[in-house]
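Notes for the one structure printed next.
The values are calculated or read from the model by the stated rules, or taken from the named source; none is laboratory data. It should be emphasised that the depicted structure is a prediction, and the values quoted were computed from it without experimental measurement. Note: ideal-geometry Cβ built from the backbone for every residue, glycine included; neighbour counts use all protein chains shown. When the accessible area is computed, the model is the full protein with side chains, heavy atoms only, and any ligands, DNA or RNA have been set aside. Shrake-Rupley method; radii C 1.70, N 1.55, O 1.52, S 1.80 Å.
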Amino acid sequence: MGNTIGKMFSVTSFGSSHGKAVGAVIDGCPANLELSPEDIQKELDKRKPGTSGVTTPRKEEDKVQILSGIFEGKTDGTPITGIVYNNNQHSKDYSMFKNTPRPSHGDYGWMSKYGNYDYNGGGRGSGRITIGHVIAGAIAKKLLKTKNIEIVSQVVQIGDIMAHSNDFDTVKENVEKNSVRCGDLEAAKAMEELILAKKQEGDSIGGIVETVAVGVPAGLGEPVFERLDGDLARILMNINAVKGVEIGFGFDVATSSASEINDEYYIEDNEIYTSTNSSGGIIGGISNGMPIISRIAVKPTPSISKCQKTVNLEKMEAKEISIQGRHDPCICPRATIVAQSSVAIVLADHMIRSGYIHPSNLEI
Ligand SMILES: Cc1cc2nc3c(=O)[nH]c(=O)nc-3n(C[C@H](O)[C@H](O)[C@H](O)COP(=O)(O)O)c2cc1C
């Protein structure tokens with residue numbers, strides 16, 4: 001239960017960190033979308049571990065195989081299964097978590113609820129399960145591109161260091177040029193230094209990832225319970241380690257007056273526009289044609305080597321742990337592609353639901 005999202009473009013995630021494989025089954029992608037494993041691989045490469053000092057040293061190739069849903073290089077309207085086999089498991093690093101839950105990781109909750117919990121690598125609570133999001137997101141993004149919708153995500157804050165670049169094309173170019181995946185190259189350097197300093201201390205650090213989607217038509221979203229902002233918040237909040245979601249001005253609305261942030265209308269060439277975008281492209285739960293802007297607050301990686309207090313559940317006694325093994329000193333850089341994929345999944349679903357994309361055949 002709880003592993004499927006989306007109504008017409010639906011994604012079912014499967015697998016665990018140290019099991020055989022992870023991946024996703026994507027149902028509802030219309031036929032005739034050109035799709036190759038390379039389309040998905042280039043997205044997965046942005047998420048894969050071991051690529052720089054700011055990510056976990058776990059070395060995984062994360063090579064995707066497509067098991068179904070493609071015929072002669074195009075989708076055929078049947079479920080698409082993307083799978084990545086796990087190769088670099090170090091299960092010995094995790095045996096102690098069987099009885100000793102890591103502070104602020106999922107171990108204790110999973111153990112208490114299910115009893116039978118694959119604690120190796122955090123099992124299904126591992127960041128590795130977001131490979132399924134990225135596989136589905138790569139397909140969603142290709143589908144959206146046929147309607148000229150593009151999405152970019154960047155790290156906009158690590159600790160108290162903030163990025164100051166929000167031009168879509170600049171951000172798109174710059175995120176590929178630094179390991180933090182920040183659109184502001186100067187801020188990226190300071191962010192990288194801060195992450196490496198935290199890693200050196202045996203600690204980790206949190207941050208904020210922003211996602212902007214451009215070219216989204218007006219009219220996506222179905223109030224009351226399937227508002228576009230509601231669906232975005234749901235998928236983004238379901239990403240591990242996310243503790244907050246904002247759309248547009250987000251929590252800053254609390255300190256604003258309406259006269260400062262209302263998006264005023266104007267007419268140009270007989271079309272209606274707003275002069276600002278405090279609403280992040282969604283008003284009344286429905287897209288208004290402006291860029292869709294969302295942000296997620298990502299907590300510091302819970303597994304750290306600094307000494308922390310926990311308990312031994314078997315002996316029912318206090319214990320101290322220093323977590324070894326391979327962990328991201330900051331989750332944000334790799335979460336950028338997960339956030340982007342999640343936004344793409346919701347937009348693809350709503351584009352089909354609103355009739356902008358034919359549900360069974362892209363050529364109609
Ligand atoms: C891309 C990604 C990578 C992650 N890497 C790690 C990691 O290396 N070590 C760790 O302890 N948690 C990592 N996490 C976070 C845990 O999966 C998450 O904090 C844990 O399941 C507890 O869930 P919660 O933080 O949502 O409450 C990662 C999460 C994501 C999305």
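Report yes if His358 is part of a loop (DSSP other than H, G, I, E, B) and modelled with pLDDT under 95, otherwise no. Let's see the steps before the verdict.
Details: part of a loop (DSSP other than H, G, I, E, B): yes; modelled with pLDDT under 95: no.
Answer is no for this residue.
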task: Return yes or no: is Lys7 under 26 Å from Ala339 (Cβ atoms) and within 13 Å of the ligand (Cβ to nearest atom)?
output: no
- request: Give the residues of region 27-50 that are over 21 Å from the mean Cα position of the chain (by Cα) and either open to solvent by 40 Å² or more (accessible area, probe 1.4 Å) or not hydrophobic (A, V, I, L, M, F, W, C) (or both), sorted by residue number.
  value: Pro30, Asn32, Glu34, Ser36
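Residue-wise test of (1) farther than 26 Å from Tyr108 by Cα; (2) free of Cβ contacts under 8 Å to residues at least 12 places away in the same chain; (3) among the hydroxyl-bearing types (Ser, Thr, Tyr).
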residue: Ser278; (1), (2), (3): yes, no, yes
residue: Ile296; (1), (2), (3): no, no, no
residue: Thr310; (1), (2), (3): no, no, yes
residue: Gln324; (1), (2), (3): no, no, no
query: Name the residues in region 169-214 that are small (Gly, Ala, Ser), touching a helix residue (DSSP H, G or I) at 6+ places or on another chain (Cβ under 7 Å) and surrounded by 22 or more Cβ atoms within 10 Å (Cβ to Cβ), would you?
result: Gly183, Gly207, Ala213
query: Hey, among the residues in region 96-127 that are within 9 Å of the ligand (Cβ to nearest atom) and either part of a loop (DSSP other than H, G, I, E, B) or β-branched (Val, Ile, Thr) (or both), which one's farthest from the chain's Cα centre (by Cα)?
result: Arg102
- request: Could you please tell me which pairs satisfy a Cβ distance under 7 Å, a separation of 6+ or placement on different chains, a first residue in region 32-54 that is under 14 Å from Lys141 (Cβ atoms), and a second residue that is within 16 Å of the ligand (Cβ to nearest atom) and of a type in the set (Asp, Glu)?
  value: Leu44/Asp62
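Taking region 51-84 as the region of interest, how many residues are open to solvent by less than 20 Å² (accessible area, probe 1.4 Å), within 30 Å of Ile195 (Cβ to Cβ) and either in a loop (DSSP other than H, G, I, E, B) or in contact with a His (Cβ under 8 Å, 6 or more places away or on another chain) (or both)? Break it down stepwise before answering.
Looking only at region 51-84, we keep the residues that are open to solvent by less than 20 Å² (accessible area, probe 1.4 Å), and these are 54-56, 60, 62, 64, 69, 75, 80, 82-84.
Restricting the remaining residues to those that are within 30 Å of Ile195 (Cβ to Cβ) gives 54-56, 60, 62, 64, 82, 84.
Filter again for either in a loop (DSSP other than H, G, I, E, B) or in contact with a His (Cβ under 8 Å, 6 or more places away or on another chain) (or both), leaving 54-56, 60, 62.
Summing the residues that are open to solvent by less than 20 Å² (accessible area, probe 1.4 Å), within 30 Å of Ile195 (Cβ to Cβ) and either in a loop (DSSP other than H, G, I, E, B) or in contact with a His (Cβ under 8 Å, 6 or more places away or on another chain) (or both) in region 51-84 gives 5.
From the list Gly137, Gly127, Gly115, Gly109, pick out the single residue that is open to solvent by less than 10 Å² (accessible area, probe 1.4 Å) and out of contact with any Leu (no Cβ under 7 Å at 6 or more places or on another chain). If you could, list the steps in order and put the result at the bottom.
On the way: Gly127 fails: open to solvent by less than 10 Å² (accessible area, probe 1.4 Å); Gly115 fails: open to solvent by less than 10 Å² (accessible area, probe 1.4 Å); Gly109 fails: open to solvent by less than 10 Å² (accessible area, probe 1.4 Å).
Every option except Gly137 fails the conditions.
Out of region 21-50, which residues are assigned to a loop (DSSP other than H, G, I, E, B) and at pLDDT below 95? Please lay out each step first, then the result.
Initially, region 21-50 is screened for residues assigned to a loop (DSSP other than H, G, I, E, B), giving 28-30, 32-33, 35-36, 48-50.
Result: Lys48, Pro49, Gly50.
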- prompt: Would you pick out the residues in region 292-313 that are within 13 Å of the ligand (Cβ to nearest atom) and of a type in the set (S, T, N, Q)?
  reply: Thr301, Ser303, Ser305, Gln308
query: Which residue pairs have Cβ atoms closer than 9 Å, lie 6 or more positions apart in sequence or on different chains, and pair a first residue in region 253-267 that is at pLDDT below 95 with a second residue that is open to solvent by less than 100 Å² (accessible area, probe 1.4 Å)?
result: none
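Would you pick out the residues in region 220-241 that are of a type in the set (Gly, Ala, Ser) and over 16 Å from Val343 (Cβ atoms)?
If we filter region 220-241 for residues that are of a type in the set (Gly, Ala, Ser), which is where we start, we get 221, 230, 233, 241.
Across region 220-241, the qualifying residue is only Ala241.
Yes or no, residue by residue, for (1) within 15 Å of the chain's Cα centre (by Cα); (2) buried (at least 16 other Cβ atoms within 10 Å of the Cβ); (3) of a type outside the set (Lys, Arg):
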site	(1), (2), (3)
Ser275	no, no, yes
Pro302	no, yes, yes
Gly325	no, yes, yes
Pro329	no, yes, yes
Val346	yes, yes, yes
Arg353	no, yes, no
